[in-house]
Amino acid sequence: MSSFLLALLLLASAEADAAAAPADDPVLLRALERELARSFEGLANVESDPLYFLAYRATESKSLSVAGAYGALLRSDRSHDRRLDVEARIGSPELDSTHQIRGEFEFGPSPASATLPLEDDEEAIRAAAWSATDRAFKDSLQRFLKVKTNEAVKVEAEDASPDFSIEPPSDYREPMVDLVADEERWQERLRRLSAVFREYPFLHESSVSLRAEAENRVYASSEGTRLIFGRTHFRLSIEASTKADDGMDLQLYDSFEGPSEETMPDDARIEAAVRDLAERLQRLKDAPVVEPYAGPAIIMNRACGVFFHEIFGHRIEGHRQKNVDEGQTFTKKVGTEIMPPFLSVTDDPTRGRFGATYLNGHYKYDDEGVPAQAVPLVRDGVLENFLMARSPIEGFPDSNGHGRCSAGNAPVSRQGNLFVDAKDRVSFERLREMLVEEVRTQGKPYGMIFHDISGGFTTTQRRGPQAFKVIPLYVVRVYADGRDDEVVRGVDLVGTPLASITKMVAAADDDAVFNGSCGAESGWVPVSAVAPSVLVKEIEIEKKAKSQERPPLLPTPLHDETDGDVPSDDGADGQEDAQ
Amino acid sequence: MNRPAPIPAFVATALLLSLAAPSAAAPPATATAEDEESPTLAAMQDELARTVERLRMDDVPPPYLVTYTLNGRESYSCSAQLGALVDSEGSDSRSVTVDVRVGSPELDNTNFVNRFYLTGRRRSTTLTEDDDYWTTRQRLWLTSDAQYKSAVEDLSAKEAWLKTNRVPDRPADLTPVEPIRHREPLHPLEVDREASRELVRRLSAVFRDAEKVQGSRASFTTGASSSTAISSEGRDTRTTGRYARVTAQAWTQAEDGMPVGDLAVWYARTPDGLPSADEMEAGVRRMEERLSERVDAPRAEEYIGPVLFEGEAACFLILELLIDRLSSPHEPLGLPSAGTPFKNRLNRRVTPNFLTVVDDPTRSEFEGTPLLGHFMVDDDGVPAQPLTLVEEGRLRAWYMSRIPTRAIAESNGHSVGGEGGPGNVFVRSSHTLSKEALRAELLAVAKDQELPYGIRVEVMARSDVSVSGARANGRYRNGSISLSPPVAAYRVYLDGREEPIRGGEWQGVTLRSLRDIYVTGDAPTVLNAARGGFVSVVCPDLLVEEMEMKKPEEQEAKLPYLPHPSFAGD
């Protein structure tokens, strides 16, 4: 019960903090602190099982979403909301209400949530927090009963680690951030830039859109942690789709990310990206369909980042090592070589940039109030560490600041900025020559280059196959006999994680950043992956599932020569000016 | 379009990394800015012409009817709790619905359950916020193409099914109608947002002093919509609608843990038409008092006896017992249980002979109160008309769209989204009593049945505003109706004393319960409600001779551990 004493001591310090809080703290924090103190005091010992930890995580988000399609405004919406998630832990850090109930399927822990008033009214905020706290407390009580029964009837757990790590309290307060975006200017720009797609008659759908967000998090826990920090994020996305003559649906995406309006690209750069996307989609539409293949390939830098995120990153998330439903690919492999010794992998959310490029997975504190840390995961091929939230596993008793979630979810360990590093790098030209040499050595007609991967998914659980599937957007065949490279379509990249990584043989010196969002049981969180292009001795691809629908019977009305009034390019411009 | 990374449902923990396409959460659009020169309308006409002339495949029939419907919706809503704003959001959207039919009105691709789905569903596509010509054509092009292809497949599946199944008196698939041109003027949304926010702050602040109430909310919403349709059979219609609504909801638990809630609702056509803020605040206070009084009331007990439905409660009774049952009479192939439960009772007695029920969507108000169920042309482009549903107790019709049923083939101008549905319901009675006499009659019947009290119902649970502890229902299955439970009901003892009832649900309600209506009041109440479309019911109080109420379940949730922070005294 020593940890329980510790919790009580921490409570005392929390109350002292509340009393000493400066008067100019935001009303939101003050209201939450007061209700937290009252609730923790009132609920800690009201039942025979103690409430030993209580935390409030409030998320205020403002967003703007503007999109243009073919020169017209598709949408322009703003939203503003405030949510509260309550985490109430009953029992003790050794065994608490969050402990896995073996034999029962749960997608992920879910906190009690409430909508908070948008206005800084202490009474109304406290009323909402009160009712969410009551629900969280009752849910945890009920769950803890089940946990105790489950522990009594099941075999001894393989990993007997505690449920919660003790971490020093943090106090960090930033001014709240606001959303600064010129909505009207974006409307005008996105109309204009999306109109460029009109010149490409083969397209079915297309858009150019902006999503801008400002999010403030206010965190207070019974351990005395107090945090206020914000994040702003802008993403400009370009997308287009069409159908090949055999019915295959094809789409391509591109995006730019940054922390503010000023970091978004200028018109010329966006227009170039729009045209490049349309031209690549045209080549893809006309490309031959790929045949199933196993052989050498290069995974280009950004694609390689996604590849590592899926096949490696998700499997070294700490909580998966003790959940008995998980495949636990790497659980017992600490200290052993899991990939070729020229490779090292680190997750470092403390970095905001890679060279000049913004990193989406950057944060200072995680969603359990723990400071972000750089975590070397693999050094020279040897597994050293896991991504840890406050759920300890055997040999890793502490959090390393990777407990993350989106509003409405409870945190679990997640990736931030994943960096793949390699020794003995070569230029990309040399890597390409090495690919051709490998094709010859293996006696294959051609090798593959994966230029871009849109994302993918992986199953880490035991009940599913321990496999992954990533969706390459743009794949090129490289012939050994000197023929020109050839774009192919309909490719799905498949395989099992360990086998794929061990077949990597060399890396180029062309590191690039993939910025994206990652969805898992604790919601969508911003992430980045930074990696070089990598040569793989053997990779397996299969044919993508394909739509059986014929392409449209009539040509697009934009370019239907037999229809009266097809717009000329001038006409199209004229119409925009009139908007 | 196949977007990347749909998570297969069977994958337990599916983790994905994608280019996080911004959540397509929010719909677009300027609902009501278009006029006769609208580029969107011009695009609809041009693409309709191209589709009718040229959309076809070899060896299969071309479309025989193509309809495009442009739906514009503009709305603003806000809500507050304890005087503080919780949300405030405007929305604006435009979409177009495409209906492509293949075959002939006698036999087409619709009205058939093709394994798992009902064929002939129209497809909708979102349009740009801008009133734009080329994007509209682009969307119509792709949607018409997809609709045509599935229509062809559905028709051939239906023909194959008909070869192996015998269907006596199969109704045709579509009633022919005359070409129609009808354009209503557009109404842009007019709302003073700050005044609306101030209103909900004020109404919600009523609960700052309500010690027995655990949670509460006041909300305002107003909307304007338009529906513009053109078709290859000469339809050119535009109908419009507007509404404004204020609601207050409050919820708490009784000492035994039972959840109890209450509500207050006001509808009008525009925000200006709502009652004054003072009047609504007084209404919210009355609701709070009614709820606080009921928190301490005894639990409901078993009861079989007379029940007096007053005001809006009587309107809801008629809605759930009769009107809902006469709606959606659609009898698609492959679904023998479909159709109205009254399908074999045409011209037979369904209520006492002192009742006549008429639906007249052409009326826009009743004695100064707006009727939101008003329309002049229905959603199939058929002129609205007064419709006698029940004449002196006998069933004369049900709600018909252009989908024929076995007993009634013709449309009667009551299509709500393509299916028969209500507009403005008027219940008329020739056997009435004054309010006082009706309450006295309740006690007389109770005394006659040797009961200590009768039950009077003021408010029923409703599907357009939720309330804790009483979930709206109204479902019909195998001859019985799960009538929505009462929200505010009272025991009226033989000496006239009243006591609120807490909990309690109806049971044993069937279509036959309509015939237990014993006598009615002499002054009608007007109810406006949103249930899919808007519906209005004008109905007098109804005394039902025998209804059955059951006891609430014993098991209840625990009370909150700590007192409400506003009344905790810290």
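The rows are residues; the columns are (1) at pLDDT below 95; (2) within 22 Å of residue A:198 (Cα to Cα); (3) acidic (Asp, Glu).
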position	(1), (2), (3)
A:246	yes, no, yes
A:251	yes, yes, no
A:255	yes, yes, no
A:269	no, yes, no
A:274	no, yes, no
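Can you find, within region B:55-66, the residue that is farthest from the other protein chains (Cβ to nearest Cβ) among those that are surrounded by 14 or more Cβ atoms within 10 Å (Cβ to Cβ) and not aliphatic (A, V, I, L, M)? Spell out how you get there, then give the answer.
Step one: list which residues in region B:55-66 are surrounded by 14 or more Cβ atoms within 10 Å (Cβ to Cβ), which gives B:55-56, B:60-66.
Keeping just the survivors that are not aliphatic (A, V, I, L, M) gives B:56, B:61-64.
Values: B:56: 7, B:61: 14, B:62: 11, B:63: 11, B:64: 17 Å.
Per the stated criteria, the residue is B:64.
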Task: Boolean, residue B:427 is in contact with a Cys (Cβ under 9 Å, 6 or more places away or on another chain), surrounded by 22 or more Cβ atoms within 10 Å (Cβ to Cβ) and touching a residue at least 40 places away in the same chain (Cβ under 8 Å) - done: yes
Open item on the list: Among the numbered criteria (1) within 14 Å of another protein chain (Cβ to nearest Cβ); (2) over 20 Å from residue A:389 (Cβ atoms); (3) part of a loop (DSSP other than H, G, I, E, B), which one does residue A:281 miss?
Closed with: (3)
- [ ] Return a yes/no flag: does region A:403-412 have any residue that is more than 20 Å from residue A:59 (Cβ to Cβ), touching a Lys or Arg at 6+ places or on another chain (Cβ under 8 Å), assigned to a loop (DSSP other than H, G, I, E, B) and among the aliphatic types (A, V, I, L, M).
- [x] no
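Being modelled with pLDDT of 95 or more, surrounded by 21 or more Cβ atoms within 10 Å (Cβ to Cβ) and under 30 Å from residue B:552 (Cα atoms) narrows it down to one residue among B:323, B:304; which is it? Before the answer, list the steps.
Details: B:304 fails: surrounded by 21 or more Cβ atoms within 10 Å (Cβ to Cβ).
Going through B:323, B:304 in turn, just one is modelled with pLDDT of 95 or more, surrounded by 21 or more Cβ atoms within 10 Å (Cβ to Cβ) and under 30 Å from residue B:552 (Cα atoms): B:323.
Filter region B:370-386 down to the residues that are more than 19 Å from the chain's Cα centre (by Cα) and either touching a residue at least 60 places away in the same chain (Cβ under 8 Å) or assigned to a strand (DSSP E or B) (or both), then identify the one that is nearest to residue B:431 (Cα to Cα).
Let us first name the residues in region B:370-386 that are more than 19 Å from the chain's Cα centre (by Cα), namely B:381-383, B:385-386.
Those still in the list that are either touching a residue at least 60 places away in the same chain (Cβ under 8 Å) or assigned to a strand (DSSP E or B) (or both) too: B:381-383.
Details: B:381: 38, B:382: 35, B:383: 33 Å.
Residue satisfying both the conditions and the ranking: B:383.
Can you go through B:162, B:155 and tell me which one is touching a strand residue (DSSP E or B) at 6+ places or on another chain (Cβ under 8 Å) and surrounded by fewer than 16 Cβ atoms within 10 Å (Cβ to Cβ)? Before you say what the answer is, go through the steps one by one.
On the way: B:155 fails: surrounded by fewer than 16 Cβ atoms within 10 Å (Cβ to Cβ).
The unique qualifying residue is B:162.
Would you be able to say whether some residue in region A:455-467 is basic (Lys, Arg), at pLDDT below 90 and within 30 Å of residue A:327 (Cα to Cα)?
Within region A:455-467, the first condition is being basic (Lys, Arg), and the residues that meet it are A:462-463.
Going one step further and asking which of them are at pLDDT below 90, we end up with A:462-463.
Those still in the list that are within 30 Å of residue A:327 (Cα to Cα) too: A:462-463.
Taking every residue of region A:455-467 in turn, at least one turns out to be basic (Lys, Arg), at pLDDT below 90 and within 30 Å of residue A:327 (Cα to Cα).
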TODO: Please list, ordered by first then second residue, the pairs with beta carbon atoms under 6 Å, 6 or more apart or interchain, first in region A:238-250 and closer than 18 Å to residue A:453 by Cα and more than 9 Å from chain B (Cβ to nearest Cβ), second small (Gly, Ala, Ser) and assigned to a strand (DSSP E or B).
DONE: A:240/A:206
Task: Of all residues making up region B:126-157, the number that are within 7 Å of chain A (Cβ to nearest Cβ) and outside any helix (DSSP H, G or I) - done: 4
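Does region A:139-152 contain at least one residue that is within 13 Å of chain B (Cβ to nearest Cβ) and under 30 Å from the mean Cα position of the chain (by Cα)?
Scanning region A:139-152, I find at least one residue that is within 13 Å of chain B (Cβ to nearest Cβ) and under 30 Å from the mean Cα position of the chain (by Cα), so the answer is yes.
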TODO: State all residues of region B:454-490 that are surrounded by fewer than 21 Cβ atoms within 10 Å (Cβ to Cβ) and over 22 Å from residue B:247 (Cα atoms); if no residue qualifies, say none.
DONE: B:475, B:476, B:477, B:478, B:479, B:480, B:482
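Those residues that are closer than 17 Å to residue B:262 by Cβ and aromatic (Phe, Trp, Tyr), I need them from region B:483-502; list them, please. Before the answer, list the steps.
Step one: filter region B:483-502 for residues closer than 17 Å to residue B:262 by Cβ, giving B:484-490, B:498-502.
Across region B:483-502, the qualifying residue is only B:490.
Residues checked against (1) polar (S, T, N, Q); (2) farther than 30 Å from residue B:220 by Cα; (3) buried (at least 24 other Cβ atoms within 10 Å of the Cβ); (4) not assigned by TED's automatic domain parsing to the domain that holds residue B:242:
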residue	(1), (2), (3), (4)
B:81	yes, no, yes, yes
B:119	yes, yes, no, yes
B:126	yes, no, no, yes
B:149	no, yes, no, yes
Task: Among (1) surrounded by fewer than 22 Cβ atoms within 10 Å (Cβ to Cβ); (2) not in a loop (DSSP other than H, G, I, E, B), the one test that residue B:389 misses - done: (1)
- [ ] Return yes or no: is residue B:296 touching a residue at least 24 places away in the same chain (Cβ under 8 Å), surrounded by 19 or more Cβ atoms within 10 Å (Cβ to Cβ) and farther than 25 Å from residue B:436 by Cβ?
- [x] no
- [ ] Residue by residue through region A:147-187, note down the ones that are in contact (Cβ under 8 Å) with a residue 40 or more places away in the chain, out of contact with any strand residue (DSSP E or B) (no Cβ under 9 Å at 6 or more places or on another chain) and not in a loop (DSSP other than H, G, I, E, B).
- [x] A:150, A:151
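Which of the residues belonging to region A:38-85 are within 30 Å of residue B:90 (Cα to Cα) and more than 13 Å from every other protein chain (Cβ to nearest Cβ)?
Going through region A:38-85, the residues within 30 Å of residue B:90 (Cα to Cα) turn out to be A:56-85.
A:56, A:57, A:58, A:59, A:85 - these are the residues of region A:38-85 that are within 30 Å of residue B:90 (Cα to Cα) and more than 13 Å from every other protein chain (Cβ to nearest Cβ).
Assigned to a strand (DSSP E or B) and of a type in the set (S, T, N, Q) - does that describe any residue in region B:468-482?
Here is the first cut: in region B:468-482, the residues assigned to a strand (DSSP E or B) are B:475-477, B:480-482.
Now drop any that are not of a type in the set (S, T, N, Q), which leaves B:480, B:482.
Looking through region B:468-482, at least one residue is assigned to a strand (DSSP E or B) and of a type in the set (S, T, N, Q).
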Open item on the list: Scan region B:483-502 and tell me whether some residue there is touching a Ser or Thr at 6+ places or on another chain (Cβ under 7 Å), more than 30 Å from residue A:126 (Cβ to Cβ), more than 14 Å from chain A (Cβ to nearest Cβ) and in a strand (DSSP E or B).
Closed with: no
Open item on the list: Being away from chain B (no Cβ under 14 Å) and touching a strand residue (DSSP E or B) at 6+ places or on another chain (Cβ under 6 Å) is the filter here; which residues of region A:470-493 pass it?
Closed with: A:475, A:476, A:477, A:478, A:479, A:485, A:486, A:487, A:488
TODO: Could you identify the single residue in B:176, B:185, B:171 that is assigned to a loop (DSSP other than H, G, I, E, B), without any contact (Cβ under 8 Å) to a residue 60 or more places away in the chain and either farther than 16 Å from residue B:237 by Cα or of a type outside the set (Gly, Ala, Ser) (or both)?
DONE: B:185
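Looking at region B:215-247, which of its residues are among the polar types (S, T, N, Q) and away from chain A (no Cβ under 14 Å)? Walk me through how you get there before you give the answer.
Initially, region B:215-247 is screened for residues among the polar types (S, T, N, Q), giving B:216, B:219, B:221-222, B:225-228, B:231-232, B:237, B:239-240, B:247.
Within region B:215-247, B:221, B:222, B:225, B:226, B:227, B:228, B:231, B:232, B:237, B:239, B:240, B:247 qualify.
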Open item on the list: Given the condition away from chain B (no Cβ under 14 Å), in contact with a Pro (Cβ under 8 Å, 6 or more places away or on another chain) and surrounded by 18 or more Cβ atoms within 10 Å (Cβ to Cβ), answer yes or no: does some residue in region A:97-118 qualify?
Closed with: yes
Open item on the list: Looking at residue B:541 and the list (1) surrounded by fewer than 21 Cβ atoms within 10 Å (Cβ to Cβ); (2) touching an Asp or Glu at 6+ places or on another chain (Cβ under 6 Å); (3) among the acidic types (Asp, Glu), which single condition is not satisfied?
Closed with: (1)
Task: Members of region B:202-235 found to be of a type in the set (Lys, Arg) and surrounded by fewer than 22 Cβ atoms within 10 Å (Cβ to Cβ), listed by number - done: B:202, B:208, B:212, B:217
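The values are calculated or read from the model by the stated rules, or taken from the named source; none is laboratory data. Quick caveat, the model's predicted, so the values are computed rather than measured. Here Cβ is always computed from backbone atoms with ideal geometry, including for glycine, and neighbour counts include all displayed protein chains.
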